[in-house]
1. What do you get when you divide the Cα radius of gyration of region 80-122 by 2.2 N^0.38 Å, with N the number of residues?
2. Could you list which residues have their amide H under 5 Å from that of L51, counting only those 5 or more apart in sequence or on another chain, with H placed in the peptide plane?
3. Is region 1-147 best put as rounded, prolate or oblate by its Cα gyration tensor, with a ≥ b ≥ c the root eigenvalues, rounded for a/c under 1.5, and otherwise prolate when a/b is larger than b/c, oblate when not?
4. FRET efficiency for L4 and E92, Cβ-Cβ distance as r, R0 = 45 Å, nearest 0.05?
5. When the dipole is taken about the Cα centre of region 3-138, and only Lys, Arg (+1) and Asp, Glu (-1) are charged at their Cβ, what size is it in debye, to the nearest 20?
6. With the cut-off at 22 Å, tell me which of the pairs K13/K94; K13/K37; K46/K144 have Cα atoms farther apart than that.
7. Starting from 0.36 nm per residue, how many nanometres of slack lie between K13 and V55 once their C-alpha separation is accounted for?
Amino acid sequence: MSALEYANKIKAKFGDLVADPREFRGEITVKIADPEKLVDICQFAKKQLGLDYLVDITSVDNYGEDPRWSLVYHLRAIVNGEEIRLKTDVSEEKSELPSVLPVWRTANWHEREIYDMMGIRFRGHPDLRRILMWEGYPYHPLRKDFPLAGKATDLPGVAFTKPAPLEGGPFVTVAGGGDAIGREPRVRTSEA
């Protein structure tokens, strides 16, 4: 079965809950209109269609637009290597959707990372806590409204004995540059 055939079967089963499959550069995407139906669609994709491998879950910050976030689920059928992409949107006001952990256990760390970096919550996740930043960190650093230079903060006793050095952190890089040293992430001063 081809990726387009997988997508058409999802469309046939769920009708208006999903948009018509779209192809771009040989990749097939199915847009889910209601994120609350995500688990049902994923269960169908895995159990009935054989899309048994959750490759990745990613999130996109559409800052300034509504809905703010897009979540993208990359699914693969191990038997033939075909892949499709499921996509859904979540508004900033809600910023929560159901966890697909009951369908694929590999969703565990993907959902934790998205929560940590973007602040999107996954209802039903049994252990939704930060995975990269420390507990108590007050920001979500992959949001587009998080400044590249970081934010000054005073979090004594969390990770350091002095105030945590967030300002200028590892978020600033220089495009181009003559060599790898010139491009490496580092704190930038006004001279750099």
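1. Working: Rg = 11.9 Å, N = 43, 2.2 N^0.38 = 9.2 Å.
Here the Cα radius of gyration is 1.30 times the empirical estimate.
2. Here K46 satisfy the definition.
3. On the way: a/c = 2.00, a/b = 1.61, b/c = 1.24.
Prolate is the answer for region 1-147, as a/c is 1.5 or above and a/b outweighs b/c.
4. 0.85
5. Numbers: 20 positive and 24 negative charges, 85 e Å.
It works out to roughly 400 debye.
6. Values: K13/K94 27 Å; K13/K37 12 Å; K46/K144 33 Å.
Violating the 22 Å limit, Cα to Cα: K13/K94; K46/K144.
7. Details: separation 42, 0.36 × 42 = 15.12 nm, distance 2.28 nm.
Gain on stretching K13 to V55: 12.8 nm.
Coordinate-derived values only; no laboratory data. Only a predicted model underlies this, so the values are computations on that prediction, with no experimental measurement involved. Heads up, the Cβs are rebuilt from the backbone with ideal geometry, glycines too, and the neighbour counts pull from every protein chain shown.
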